[in-house]
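Peer 1: Structure in structure tokens, see below.
The values are calculated or read from the model by the stated rules, or taken from the named source; none is laboratory data. Please read all numbers here as calculations on a predicted model, not as lab measurements. Neighbour counts run over all protein chains shown; Cβ positions are idealised from the backbone, glycine included. With ligands, DNA and RNA removed, areas are computed over all heavy atoms of the protein, side chains included. Shrake-Rupley method; radii C 1.70, N 1.55, O 1.52, S 1.80 Å.
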Amino acid sequence: MTTDKVRKYITEWSLVVTVSGSFVGRQQELQKASLTADFESCHLYLITTRPRMSIRPDSVQITEHEIRGTLRLQQGESFDEFPFITPHRLTASGKPPFTWKSDWPYEDFRIEDSVGKVMSAGVVGLLHAIIPGWPSVAKVHEILYIGQAYGGSGDRTAWDRLRHHETAQRILAETPPDRQVWMTMASVTDLNVAPEIDPRNPTEKTSEEDDEHTARVLEAVESAEFWEKQAVALGEAGLIRYFQPKYNDRLKYNFPAKKQVSLDQVRDLDLHGLVVEFQGIAVDGIYGTQTINHYSELHFAGFSVHLDKDREVTLTLEATNSAFPTMLPSPPED
């Protein structure tokens, strides 16, 4: 083998799976069958809790151009109160004066005009999406469970799974009265591969061999089957290992491990690392768990999937975890 045919350093590839929240709702919203078709790509879900939120009708004042009121977050038997102000355009299609209507426990609302026409209606806990200055503490989701729902032909969505989910029912039964259970539907919204030449890891592979490996990686990752199935499984596993939710058991402490089906193709492709990115930006949510003690709209978790002691951790993996100083530690070998 001549020197000019030897590439001194091999390209290490990390797969980047981006999981994004698409919709947040309570169990009541899950019963609306018409929503299913809108979220066919949501094969992942997070079950979370937040403080119960309400707005007493007598705290609301609706003027010609704005709405003023007080948001209440329940803490045990008391409430933390946050005043809010938001502009409105109700006069464009309704007749003033406008009235805020809500029945106890004041978690749902509607706004009616002077002739009883409903101008707006919804859930207090979702007003953060439209009212500026909504307190950040009201956006925080404590993650209790992460799962996936994917039928053999891809026709099963998170909606289908959650309607009769035993763990969801258990969480609902065990959640304290001052907190409310929420469901976040999520999907894999992006797949990327991050190449890195590691000067600490010399190799005897030729340029041709490295190029062939690169082409094989890109072809596999860009395929529809990989996107729709493999990426979903990897996203679920990475998020469970990273957040370590209270009600998860599988994958909570033993990902990545040497014998896991979700990693078979990744290892066959000789991918060195897995980066799972979670985004709560689209649903304006702040997510986290007490385990990692980190709450944010954006999370990154990096994993070395090969667990080979002779392969160094790449700089990409070292920089992907915002809750820990370095990459998540690998579980002990069997």
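Peer 1: Please state which one of Ala168, Ala215, Ala231, Ala158 is within 28 Å of Gly288 (Cβ to Cβ) and at pLDDT 85 or above.
Peer 2: Testing whether each residue is within 28 Å of Gly288 (Cβ to Cβ) and at pLDDT 85 or above leaves just Ala231.
Peer 1: May I ask you to say which residue of Pro195, Pro176 is closer than 21 Å to Val16 by Cβ, loosely packed, with under 15 Cβ neighbours inside 10 Å and not aliphatic (A, V, I, L, M)?
Peer 2: Pro195
Peer 1: Still on this model: Consider Leu71 carefully, then state whether it is assigned to a helix (DSSP H, G or I) and under 28 Å from Ala282 (Cβ atoms).
Peer 2: Taking the combined requirement at face value, the residue does not satisfy it.
Peer 1: Return the total of residues in the range 234-271 being open to solvent by less than 10 Å² (accessible area, probe 1.4 Å), closer than 26 Å to Thr48 by Cβ and part of a loop (DSSP other than H, G, I, E, B).
Peer 2: 4
Peer 1: A further question follows. Suppose we filter Ala215, Ala186, Ala231 for residues that are open to solvent by less than 20 Å² (accessible area, probe 1.4 Å) and assigned to a helix (DSSP H, G or I); which single one remains?
Peer 2: Ala231
Peer 1: Over 30 Å from Pro176 (Cβ atoms), at pLDDT 95 or above and surrounded by 13 or more Cβ atoms within 10 Å (Cβ to Cβ): is that true of Ile62 in this structure?
Peer 2: In short, yes.
Peer 1: Provide a single number: the residues in the range 113-134 that are open to solvent by 30 Å² or more (accessible area, probe 1.4 Å) and either of a type outside the set (Gly, Ala, Ser) or not in a helix (DSSP H, G or I) (or both).
Peer 2: 12
Peer 1: Which one of these is aliphatic (A, V, I, L, M) and free of Cβ contacts under 8 Å to residues at least 60 places away in the same chain: Ala220, Ala257, Ala301?
Peer 2: Ala220
Peer 1: Also: Taking the residues in the range 68-93 that are more than 14 Å from Gly133 (Cβ to Cβ) and either in contact with a helix residue (DSSP H, G or I) (Cβ under 7 Å, 6 or more places away or on another chain) or of a type in the set (Val, Ile, Thr) (or both) as candidates, determine which candidate is most open to solvent (accessible area, probe 1.4 Å).
Peer 2: Here the residue is Thr91.
Peer 1: Would you mind finding the one in Ser296, Ser330, Ser322 that is at pLDDT below 85 and out of contact with any His (no Cβ under 9 Å at 6 or more places or on another chain)?
Peer 2: Criteria check complete, one pass: Ser330.
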